[in-house]
Each structure stands twice: as structure tokens, then as C-alpha cells.
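For reference, the structure is listed below as C-alpha cells.
The values are calculated or read from the model by the stated rules, or taken from the named source; none is laboratory data. Because the structure is predicted, anything quoted here is derived from the model rather than measured. Cβ: placed from backbone, ideal geometry, glycine included. Neighbour counts: every protein chain shown.
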């Protein structure tokens, strides 16, 4: 399998660090949704998504909790993570599929309250037909490796 790109981890670390600082919260402080500080998602995701860090430091080997907002028509091509990713749909809906290539005939529609546990190193992909917000729990550091490295958004000029 390809080795995860350290540049993505570095960029996510900077993004996550800025998000944590802007939240001004301790790791265990309660927070309501209207107080979250959103920023552009790191460049390892296609442009258009927003990310908020609720807990943990995505650059470290700790449990992390993130929120991800995706616009309608958003796609995350086939990729994997070195640790399990647990995803809950908070609003909107998302299609999730398993495999090496995004195939819109092979996804399962998850609606608000829907959940999926994506095992470590499991190739998966996702897309939306409407604006969607997810909550993601995983063990860091947060890393992403695209199945087809040529389609990695970090390589787009």
C-alpha cells in the first residue's frame, strides 16, 4: 500500500491547531453547535468542504472528533485511513461505498442518525446530493491515502 503523505498530516495539523486555538476550549469543555469555529477543510479533501475540530489534536496519536460540512454534489474519491473512522450523519445525507473507485451504483445512503464504521485501511468513498454535516471519530493522527494517487486533490494545481 502507498505510504501516507506527510505533507497532508502537516497541513491538517496546522488547520486543526488553528481550529482548536480559535475554539478556545479545553479538551473536555462542552460546546454547542452554534459556537463551533469552521474553517476550510485541509487540501487533502476537494475544495468546498469545511471542518471543525471538537476534540483532540488531529496531528497526534489521540482520539479525535471532527465535524465535516460538505456541499451538495461533493465527492471524496476512494481512499483509506490507517485507523478506523466512525462516521455519524448529523444533517443532510451521504452515500458511502466500499471499493477502489467511486461507483455511484455501489453506495449506501445514510440519512440523519445514520452511522458507518470504516475499518482501518478499508478502501471507501463518499458523495452527497445535498448539503451534509458529519461527525467523525477516529484515532489520530488523521491521515488519508487515495487509492489512485493521481486523483489526490493535493496534486491539483
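Taken over region 108-137, the criterion of being more than 20 Å from residue 52 (Cα to Cα), touching a residue at least 40 places away in the same chain (Cβ under 8 Å), in contact with a strand residue (DSSP E or B) (Cβ under 7 Å, 6 or more places away or on another chain) and outside any strand (DSSP E or B) is satisfied by 121, 122, 123. In region 141-155, which residue that is assigned to a loop (DSSP other than H, G, I, E, B) and at pLDDT below 95 is surrounded by the most Cβ atoms within 10 Å (Cβ to Cβ)? The qualifying residue surrounded by the most Cβ atoms within 10 Å (Cβ to Cβ) is 142. Name the residue, out of 90, 110, that is touching a helix residue (DSSP H, G or I) at 6+ places or on another chain (Cβ under 9 Å) and surrounded by 14 or more Cβ atoms within 10 Å (Cβ to Cβ). Matching residue, one of 90, 110: 90. Number of residues in region 83-107 that are assigned to a loop (DSSP other than H, G, I, E, B) and within 27 Å of residue 60 (Cβ to Cβ) equals 2. Considering the conditions (1) surrounded by 13 or more Cβ atoms within 10 Å (Cβ to Cβ); (2) under 16 Å from the mean Cα position of the chain (by Cα), residue 117 is excluded by exactly one of them, (1). Does residue 73 qualify as being in contact with a strand residue (DSSP E or B) (Cβ under 9 Å, 6 or more places away or on another chain), at pLDDT 95 or above and assigned to a loop (DSSP other than H, G, I, E, B)? For residue 73, the condition - in contact with a strand residue (DSSP E or B) (Cβ under 9 Å, 6 or more places away or on another chain), at pLDDT 95 or above and assigned to a loop (DSSP other than H, G, I, E, B) - is met.
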